[in-house]
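For reference, the structure discussed in these notes is given below.
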4 protein chains.
Amino acid sequence: MSTSASPVVKVGIVGGTGYTGVELLRLLSQHPNVELTAITSRGDAGTRVADMFPNLRGHLDLVFTTPADAPLKECDVVFFATPHGVAMSQANELLAADVKIIDLAADFRLQDTAMFERWYKMSHACPDVLAESVYGLPEINREAIRKARVVGNPGCYPTTVILGLSPLLGPDPMIDVTDIISDSKSGATGAGRKAEVGLLFSEVSDSFKAYGVSGHRHHPEIVSQLEGLTGASVGLTFVPHLVPMVRGMMSTIYVRLTEKGLETDVQALFEAHYRDSPFVDVMPAGAQPDTRSVRASNMLRIALHRPPGTVDRLVILAVQDNLVKGASGQAVQNMNLMFGLPEEAGLSQIAILP
Amino acid sequence: MSTSASPVVKVGIVGGTGYTGVELLRLLSQHPNVELTAITSRGDAGTRVADMFPNLRGHLDLVFTTPADAPLKECDVVFFATPHGVAMSQANELLAADVKIIDLAADFRLQDTAMFERWYKMSHACPDVLAESVYGLPEINREAIRKARVVGNPGCYPTTVILGLSPLLGPDPMIDVTDIISDSKSGATGAGRKAEVGLLFSEVSDSFKAYGVSGHRHHPEIVSQLEGLTGASVGLTFVPHLVPMVRGMMSTIYVRLTEKGLETDVQALFEAHYRDSPFVDVMPAGAQPDTRSVRASNMLRIALHRPPGTVDRLVILAVQDNLVKGASGQAVQNMNLMFGLPEEAGLSQIAILP
Amino acid sequence: MSTSASPVVKVGIVGGTGYTGVELLRLLSQHPNVELTAITSRGDAGTRVADMFPNLRGHLDLVFTTPADAPLKECDVVFFATPHGVAMSQANELLAADVKIIDLAADFRLQDTAMFERWYKMSHACPDVLAESVYGLPEINREAIRKARVVGNPGCYPTTVILGLSPLLGPDPMIDVTDIISDSKSGATGAGRKAEVGLLFSEVSDSFKAYGVSGHRHHPEIVSQLEGLTGASVGLTFVPHLVPMVRGMMSTIYVRLTEKGLETDVQALFEAHYRDSPFVDVMPAGAQPDTRSVRASNMLRIALHRPPGTVDRLVILAVQDNLVKGASGQAVQNMNLMFGLPEEAGLSQIAILP
Amino acid sequence: MSTSASPVVKVGIVGGTGYTGVELLRLLSQHPNVELTAITSRGDAGTRVADMFPNLRGHLDLVFTTPADAPLKECDVVFFATPHGVAMSQANELLAADVKIIDLAADFRLQDTAMFERWYKMSHACPDVLAESVYGLPEINREAIRKARVVGNPGCYPTTVILGLSPLLGPDPMIDVTDIISDSKSGATGAGRKAEVGLLFSEVSDSFKAYGVSGHRHHPEIVSQLEGLTGASVGLTFVPHLVPMVRGMMSTIYVRLTEKGLETDVQALFEAHYRDSPFVDVMPAGAQPDTRSVRASNMLRIALHRPPGTVDRLVILAVQDNLVKGASGQAVQNMNLMFGLPEEAGLSQIAILP
């Protein structure tokens, strides 16, 4: 997994039995600079990882351990692929041992403690750590992430919406930020590996629905980041939907261009904005990306449209694999930045199509 | 198929080998007042219908005939489940023989000849018939349909969008009609039974995408009907998407309430508006209908939402089975009205869930 | 739901929240001779049935009640759509009140008490009732079912295997009964509506696997019925598989013809055998039925093949909808027989294709 | 794509627009020892490859050329991902230019010319090349492949059946070779990227069926290889089925153990047999592999079962990704052997799960 000439990062994973966990394992097992040191699971301690996830047979020889038995403090970085609330309970102890933290849950996504507590119904265990933590979206926070000790890995939906809008924002935005709509769609892995009737194959397959219309936790996360980018109050309507597919996420974003936006070549703007971002692909004008074009890869693809019917409407299509760029791949991208590795290290796989 | 006490309608179907064709066959074979008299298919004349569609084995004993051999003029009504352009070429001859016409293609959907010719790239063969034809959406045109000789059965997407908005329109509309968005999603049968690479299982499955963003033929159809209902110019952004499922369609419609709309109980308005429409189900406020709740039934379900983020945004969710209420079921509903039968005749099947 | 001229059967359902429960509700709500009187659910008492299963909105106005509150003793028949072990615990009380019983679980499938206890790991609560109960496969037990007070509705797999083999059996069988293979495949509803990780959309979709290879509870059920039909010891290899589809079941059955079988026109034999069975369709020789041709219908289709490669091999393909002919539809068919109704009453829906 | 220290193989692909073509492109673009030199497509010459297959955007900068314009003779090896009959028409010319050939179609799979002509309904263009060609299944022909100039890449089904049986064969086989059954199942990509109604999403999804029961072209290919391994006449019943999934293939193989087989530890036999084969994974006894455990990887997993019901029955479960180990991955594995590269070069990706 590592070569002698390259720096090696010792990695621990807390909570390796969910979908973001197994995806981290897939990516990190193939990463040239990583040594997987510990994987914990309270419920499955003692089980060989490859017995639970047979795709890893022959590639990974680790056994799940209890958190107590895991040598987490000997790691350089620990990923938390756990429910909300776990990372913040262990953050101070790990930081004290000089271990960096990347949390794939929401503990470090909302830098406003009050907002966190309102949406996640729990008090925050370490507001000071929250204050220093960095929102781990490399395309908007690359330099801060390089220096961060604690990174809050973004939610899957926010990644598509924020990256789909980012080039249009700024102090003098190209769009009316008070009236943004994101009609977002996710494959079923977005809901996690939980034993719930509503997620059964027989419930999800061959059907389509909206959910969380009256309020989804990613709403304040998106708004907060957009407001940071534009410095003004943002009005967002966000409606997520469940697609009968395993992986894949698409946001269809509807905005109205301002005078300035109407005068701008927004296609050129996007291309310039993301020129140095290896994982954002601005497609040619008029393209209609499908989610399978990014399946199992860390790429997010964007296409811009000016549909008929209104004069100032811009429609932005953004697709990603919710488990990769929307979760575990982005976490590895953050790790690469935090440890001075090439941003693409271990993340250059081509998407699986068909 | 028919009982002696009930009136019997003799039915012909032109073009019975597509998905709307086989769905018409399923519905009409079980309809208590219908005698299926002729089914044509240029390419498959001589084939037993039940050999092509084995679900009909034991229920239907007809053979496809060529259009020339079919006793269409002896029918009371002929359904056209054909490509655009076929119905208009035969309309005058059938009408002269006192045969009514229901066209499931677009020949009689756009009552404006010029608009038809611009969007469908063909000249209209019978503008006079087009002028007398009725747009076959019973919930807005019930009385006109009862008297019609020629009905243009609506497109699948337009059915969801028009019925989702209809109660809000009128001369003093509840919404800003210049800024309507419909983010619509369809199962793959919406694209028909055509041998195209883009519709293969291996292309569509486990993926999601938008299409037709730069202009879809249902756009002028929707706008034209909405403008008819409100008497004003309508601005519509319409983005259709392809869902990896067989049947089912959902439109997520975004509108801004006017002052009047904000003061109105829109939930009560919808419930009152559709009280006497047996195939529109206004769900309780906050419901999130899934498409499987209407699978293989003629029901369209609507739910209203006031999501957080903006003060005047209303989101309307509308689901239907694109092959039933979105096509063949609606055609049968129109037939029922045209022949004085109960509107529900042959259409009361419960949706298949799961 | 019922017409005054027809006999009306008062029906209760115990355990109406699983897939066989909602399918019973769909079929019985549309049955011309049924009055649905009570539906119980321990966990969801108080919930309107149509709130849990919105396909029933407008068709069914019942509320789940606790078993204790349900007027089950006033019913003519009670269906048990419950886990194994529930029906047998209530059988004596209902029979004493002159209520007939149809159990969709396994309590009355294995007429041998010892075999039941070995495979289901529980002692049988009423061996005397088990002794009088009838195995509810109408095509082999029609007359006994007409007179039965208690019917054990067959398992889904056994229905396909037994009906696929039945015409070949008898005292001088057409096949070597010591060497039968059934390679069977089921959609995910076959596993029930249970919150289990292994049944999640993200686990089942776009994958395929065998399960229960080392022993499945339907194995003794099939063997016991086949032995009853042939009067000899049967050797069966049974391997079930999980298909990423909602409904549908197929058994590919491999047998070797005996001398007698080789001299017999087995196609004609099957056609004659099932001539009077409205729900078994023997397809023309060489047909390759797909499961969607029976989706949501009570039909089971069979096709026979003599593939190349060996001289005496016969392959039998049998498809059904596991929730209808494999469960709830068959239960209604049994009810029809038990109450002197036409065997097809309420079961003549055409399959949904596509 | 290549590093200076490693040998570089110049590769051409004829027919790069099907599913095996795009999968070759995915694998070869990431192969450390490959320089992709030419990709031809008669129909799509001039199109950028990444415009047709957007997963390749940023990874591959080639344009499809006509076969005439492609510098195929400058390549070290040419892959044919074409319909049957194309490779044999160009073989002599390429061999004369010292270019090796790997054909993914059937031109070099049946070393018996007469058998080829009977099953593929065309005469063979180069029987002499056919005579020297090697059947490209590394696990049974590794040494011959190393020296081959022309390799016939195996069919997808044959790969599973032959590798599933190979350890049991030999001059004194462990099984009754006159009575082998393979009940095989394939995802839809197995049928190729062809515009056919029967392969549409709306036809394949949520359904299951057998096909080719009366004779499939892989039948003689399997029999011929098995007979080569055992030196005796083989009786095979082979029934393929279509699974509603994109990738993945499973064969459930039923055999009867001989006396010798009953006395042998077949689990240990398989483990020893494949110890040095990096792409065959013999799972622990009793395992039930699912196809997703090998999705997008070159691994084939095997599990052995002794199910109840008969004394001598052995059931072998074999899964692979039909596009990788069943086609393009195996072709790359063959190339590695032919050019002295490590067998695993470019093929060590972990399967995508979920």
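The values are calculated or read from the model by the stated rules, or taken from the named source; none is laboratory data. Here the structure is a predicted model, which means the values were calculated and not measured. Glycine gets a Cβ as well: all are built from the backbone with ideal geometry, and neighbour counts include every protein chain shown.
Out of curiosity, is B:SER182 among the polar types (S, T, N, Q), modelled with pLDDT of 95 or more and farther than 21 Å from B:GLN320 by Cα? Criteria not met by B:SER182.
Is one or more of the residues making up segment C:324-332 more than 10 Å from every other protein chain (Cβ to nearest Cβ), among the β-branched types (Val, Ile, Thr) and over 29 Å from C:GLY16 (Cα atoms)? No, every residue in segment C:324-332 fails to be more than 10 Å from every other protein chain (Cβ to nearest Cβ), among the β-branched types (Val, Ile, Thr) and over 29 Å from C:GLY16 (Cα atoms). Provide a single number: the residues in segment B:320-344 that are surrounded by fewer than 24 Cβ atoms within 10 Å (Cβ to Cβ) and either acidic (Asp, Glu) or closer than 29 Å to B:ILE175 by Cα (or both). So the count comes out to 2.
Have a look at A:LEU317, A:LEU347 and point out the one that is touching a residue at least 24 places away in the same chain (Cβ under 8 Å) and either surrounded by fewer than 22 Cβ atoms within 10 Å (Cβ to Cβ) or within 10 Å of another protein chain (Cβ to nearest Cβ) (or both). After applying the criteria, what remains is A:LEU317.
Screening D:ASP172, D:ASP176, D:ASP206 for residues that are modelled with pLDDT under 95, of a type outside the set (Gly, Ala, Ser) and not assigned by TED's automatic domain parsing to the domain that holds D:ASP112 leaves exactly one candidate, D:ASP172.
One residue stands out in segment B:183-221 among those that are charged (D, E, K, R) and at the interface with another protein chain (Cβ under 8 Å from one of its Cβ atoms): the one that is nearest to A:LYS209 (Cα to Cα), namely B:LYS185. When segment B:229-254 is filtered for residues that are more than 8 Å from chain A (Cβ to nearest Cβ), crowded, with 17+ Cβ neighbours inside 10 Å and within 21 Å of B:GLU139 (Cα to Cα), the ones remaining, listed by number, are B:LEU229, B:THR230, B:VAL234, B:MET249, B:SER251, B:ILE253. In segment B:274-283, the count of residues that are among the basic types (Lys, Arg) and either out of contact with any strand residue (DSSP E or B) (no Cβ under 6 Å at 6 or more places or on another chain) or within 8 Å of another protein chain (Cβ to nearest Cβ) (or both) is one or more.
Residue selection: B:ALA195 fails the criterion of being within 24 Å of D:VAL204 (Cα to Cα), in the same structural domain as B:PRO289 (by TED's automatic domain parsing) and within 15 Å of the chain's Cα centre (by Cα). Is segment D:344-351 home to any residue that is in a loop (DSSP other than H, G, I, E, B) and in contact with a Lys or Arg (Cβ under 6 Å, 6 or more places away or on another chain)? Yes: one or more hits.
Among the residues of segment A:3-14, is any buried (at least 17 other Cβ atoms within 10 Å of the Cβ) and in a loop (DSSP other than H, G, I, E, B)? For segment A:3-14, residues buried (at least 17 other Cβ atoms within 10 Å of the Cβ) and in a loop (DSSP other than H, G, I, E, B): absent. Give segment C:198-225 a look and list any residue that's touching a Phe, Trp or Tyr at 6+ places or on another chain (Cβ under 9 Å), within 15 Å of D:GLN288 (Cα to Cα) and charged (D, E, K, R), or say none. Scanning segment C:198-225 gives a single hit, C:GLU203.
Counting only residues that are over 18 Å from D:LYS185 (Cα atoms) and assigned to a loop (DSSP other than H, G, I, E, B), segment C:189-208 holds 5 of them.
Condition check: farther than 26 Å from D:ALA285 by Cα, more than 9 Å from chain D (Cβ to nearest Cβ) and in contact (Cβ under 8 Å) with a residue 24 or more places away in the chain. Does C:SER166 satisfy that? Yes, satisfied.
Entry remark, segment C:290-310: residues being free of Cβ contacts under 8 Å to residues at least 24 places away in the same chain and of a type in the set (A, V, I, L, M) number 1 in total. Restricting attention to segment B:26-78, the residues that are away from chain C (no Cβ under 13 Å) and of a type outside the set (A, V, I, L, M) add up to 21.
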